[in-house]
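What follows is one structure encoded as structure tokens, with my remarks underneath.
The values are calculated or read from the model by the stated rules, or taken from the named source; none is laboratory data. In this text the structure is predicted, and so the values were computed from the model without any measurement. Reconstructed Cβ throughout: ideal geometry from the backbone, glycine too, with neighbour counts over all protein chains shown. Surface areas here come from the heavy atoms of the whole protein model, side chains and all, with no ligands, DNA or RNA. Shrake-Rupley method; radii C 1.70, N 1.55, O 1.52, S 1.80 Å.
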Amino acid sequence: MSDRAGGRVILVLNAGSSSIKFCVFRLDGRELSRDLRGQVAGLATAAKFVMRRGETLIEDRPLAQGPISHAGALEQLLDAIEVHLGGARIVGVGHRVVHGGLEFMVPTVLNEEVLHRLDRYVPLAPLHQPHNLAAIRAMLERLPGTPEFACFDTAFHRTIPEVAQLFALPPRFAAAGIRRYGFHGLSYEYIASRLPALDARAASGRTVVFHLGNGASMCAMAGGRSVATTMGFTAVDGLPMGTRCGSLDPGVVLFLMDELALGPREIERLIYHESGLLGMSGVSSDVRDLLASDAPAAATALDVFGYRAGRELGSLAAALGGLDAIVFTAGIGENQPEIRARICRAAEWLGIELDAVANARHGPRISTAASHVAAYVVPTDEESMIARHVQGMLVAA
Ligand code: ADP
């Protein structure tokens with residue numbers, strides 16, 4: 001550890017309902033390098049702590065016998081991180097925050113006043129925002145004097161034109177905040193930052209990015225800026241996902257209430273946790289399990305997922321007025337050639353010609369040289385995007 005003694009680090013935190021994920025980046029001059037990463041999982045039941053340096057597992061142990069608060073978990077997590085920092089100092093903390101509404105368009109220094117404003121978005125993201133904010137409050141108390149920053153999943157989409165943000169409702173609803181915000185912005189921002197080195201035409205032109213993980217969405221970028229995305233007012237809209245249904249006729253919700261007597265919390269559980277790949281297949285939310293399954297419903301779930309992604313690609317290409325490139329990222333996008341192949345085959349009409357060999361070895365380019373539209377696989381890295389933002393804010397301060 002002596003070669004790591006001293007120095008400065010940036011801590012990146014992503015606090016969810018049942019887990020807190022973290023990354024520690026070393027700051028060496030202008031260079032950022034990932035040092036530690038891990039998570040506390042099972043906050044609501046029996047928390048377990050895992051930490052890695054590179055690929056080496058350096059912590060793997062229970063953290064609590066019963067439920068533990070975000071503050072309690074962070075307390076122990078910071079103690080454990082400090083043991084492995086070799087005297088390095090945390091000079092900045094970056095928090096992933098799901099919702100910044102229309103007002104937070106850039107990373108923002110956190111204080112009581114900003115927290116108060118962020119509380120207003122809890123009703124817009126009730127499953128994520130309260131946990132993000134609980135972690136921030138705990139950290140501000142634990143590390144007073146260390147600058148902390150909020151980096152928003154919505155911010156990258158604030159370049160989306162008004163016409164693409166509006167629902168066809170009376171204007172008072174948009175004024176009350178009911179509009180399309182879009183999410184996964186930190187992932188899209190990271191991918192946009194990689195495009196210039198990958199393909200100048202994709203960077204300056206019309207590119208659709210598929211962020212396909214447990215949560216899944218797509219983003220249309222013109223010159224690296226978001227102009228449309230599949231998620232809307234909440235992160236349940238757009239594509240079918242691991243357990244979320246994606247776009248749903250609002251008439252279905254009315255029918256569930258009126259005819260099947262489901263209450264709001266039951267509908268919430270259905271559309272967020274019991275639908276999508278899991279709900280359709282009855283087998284699993286994990287694409288690996290579905291591809292390995294003989295169950296007809298597993299095949300149907302994958303068919304619907306691929307079909308919907310293809311439909312949305314057509315819609316986003318229309319929003320862009322054409323298409324120069326597509327990019328696959330996140331768990332499924334980076335690791336599942338079979339799913340990429342289905343989507344590319346369905347998009348042949350748009351001028352995408354898949355290179356099956358390149359696709360099997362995960363690219364980075366997976367389209368043929370003759371393909372009119374280029375296709376790529378680019379691993380996303382939301383944590384390093386947050387760390388870069390924190391670094392930028394520290395330099396600016
Ligand atoms: P999250 O949105 O929770 O971060 P991920 O990005 O890890 O989720 O995506 C989860 C999905 O990605 C699962 O459906 C799984 O099948 C797929 N996936 C993740 N990692 C791999 C892998 N190494 N090989 C194949 N599929 C993977």
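Would you pull out the residues with amide H under 5 Å of Ser226's amide H, same chain only if 5 or more places away, H placed 1.01 Å from N?
Result for Ser226 returns Thr159.
From the Cα trace of the chain, what convex hull volume per residue do you get, rounded to a whole Å³?
Value for the chain: 162 Å³ per residue.
Cα axis of helix 337-346 to longest principal axis of the chain: angle in degrees, 0 to 90, nearest 10?
40 degrees
If you take the square roots of the eigenvalues of the alpha-carbon gyration tensor of region 256-397 and sort them as a ≥ b ≥ c, do you get rounded (a/c under 1.5), prolate (a/b over b/c) or oblate?
On the way: a/c = 1.79, a/b = 1.21, b/c = 1.48.
Taking the square roots of the gyration eigenvalues as a ≥ b ≥ c, region 256-397 is oblate.
Using DSSP to define loop residues, name the GluC sites (Glu not before Pro) in region 96-133 whose beta-carbon has at most 16 other beta-carbon atoms within 10 Å.
For GluC sites (Glu not before Pro) across region 96-133 that sit outside H, G, I, E and B with at most 16 neighbouring Cβ atoms in 10 Å, the list reads Glu103.
If I compute solvent accessible area with a 1.4 Å probe over the protein chains, what percent of it on region 271-397 is carbon and sulfur?
Solvent-exposed carbon and sulfur of region 271-397 make up 54 percent of the total.
Assuming 0.36 nm per residue, please report the length gained on full extension of the stretch Arg52 to Trp349 beyond their Cα-Cα distance. Working shown, then result.
Details: separation 297, 0.36 × 297 = 106.92 nm, distance 4.43 nm.
Full extension of this stretch gives 102.5 nm more.
Using heavy-atom solvent-accessible surface (probe 1.4 Å) with all chains present, what is the largest-first order of Leu260, Leu277?
The residues order as Leu260, Leu277, largest area first.
Hand me the chymotrypsin sites (Phe, Trp or Tyr not before Pro) from region 1-79 located in a DSSP loop with no more than 16 other Cβ atoms within 10 Å, in residue order please. Provide the component values of the computation, followed by the final result.
Working: sites: Phe22, Phe25, Phe49; in loops: none.
In loop regions of region 1-79 (DSSP not H, G, I, E or B), there are no sparsely surrounded chymotrypsin sites (Phe, Trp or Tyr not before Pro).
Based on the Cβ-Cβ distance from Ala44 to Glu266, what FRET efficiency comes out when R0 is 22 Å, to the nearest 0.05?
Given R0 = 22 Å and the Cβ-Cβ separation, E is 0.65.
Order Glu274, Glu383 by their accessible area, 1.4 angstrom probe, all chains in place, largest first. Provide the component values of the computation, followed by the final result.
Numbers: Glu274 90, Glu383 60 Å².
Listed by decreasing accessible area, they come as Glu274, Glu383.
Report the convex hull volume per residue for region 182-302, counting only C-alpha atoms, in Å³.
Looking at region 182-302, the number lands at 117 Å³ per residue.
Place a +1 charge on the Cβ of each Lys and Arg in the chain and a -1 charge on the Cβ of each Asp and Glu, then give the dipole magnitude about the Cα centre in debye, rounded to the nearest 20.
Numbers: 37 positive and 41 negative charges, 135 e Å.
Around 640 debye, computed over the chain.
Is region 1-157 rounded, prolate or oblate when judged by the Cα gyration tensor, a ≥ b ≥ c being the square roots of its eigenvalues, rounded requiring a/c under 1.5 and prolate requiring a/b larger than b/c? Intermediate values should be presented prior to the final figure.
Values: a/c = 1.97, a/b = 1.26, b/c = 1.56.
Oblate.
So for the pair Ala292, Ala397, with labels modelled 7 Å out along Cα→Cβ, what separation do we get in nm?
Once both label points are built, they end up 4.6 nm from each other.
Relative to the first principal axis of the alpha-carbon coordinates of the chain, what is the inclination of helix 264-273, with its axis defined by its Cα atoms, in degrees from 0 to 90 and to the nearest 10?
With rounding to tens, the tilt is 90 degrees.
Set the Förster radius R0 to 35 Å, insert the Cβ-Cβ distance between Arg361 and Ser33 as r into 1/(1 + (r/R0)^6), and round the FRET efficiency to 0.05.
In this case the efficiency is close to 0.85.
Mind giving me the nanometre distance, one decimal, between the label points for Glu338 and Glu113, set 7 Å out from Cα along Cα→Cβ?
5.5 nm
If the only charges are +1 at each Lys and Arg Cβ and -1 at each Asp and Glu Cβ, what is the size of the charge dipole of region 155-214 around the Cα centre, to the nearest 20 debye?
Computed charge dipole of region 155-214: roughly 120 debye.
Given the C-alpha centroids of region 331-397 and region 108-171, what is the distance between them in whole angstrom?
Value for the Cα centre distance between the two parts: 28 Å.
Using a Förster distance of 30 angstrom, determine the FRET efficiency expected from the C-beta separation of Val122 and His372, and round it to 0.05.
Efficiency for this residue pair is about 0.10.
What whole-number value in Å² describes the accessible area per residue of the chain for a 1.4 Å probe?
Per-residue value: 44 Å².
Where does each of 115-123, 317-325 land if you order them by average Cβ count within 10 Å, highest first?
Order by mean packing, descending: 317-325, 115-123.
How big is D for region 197-268, in µm² s⁻¹ as a whole number, if Stokes-Einstein is applied with the Kirkwood radius of its Cα pairs at 10 °C and 1.306 mPa s?
Working: Rh = 14.2 Å.
Result for D is 112 µm²/s.
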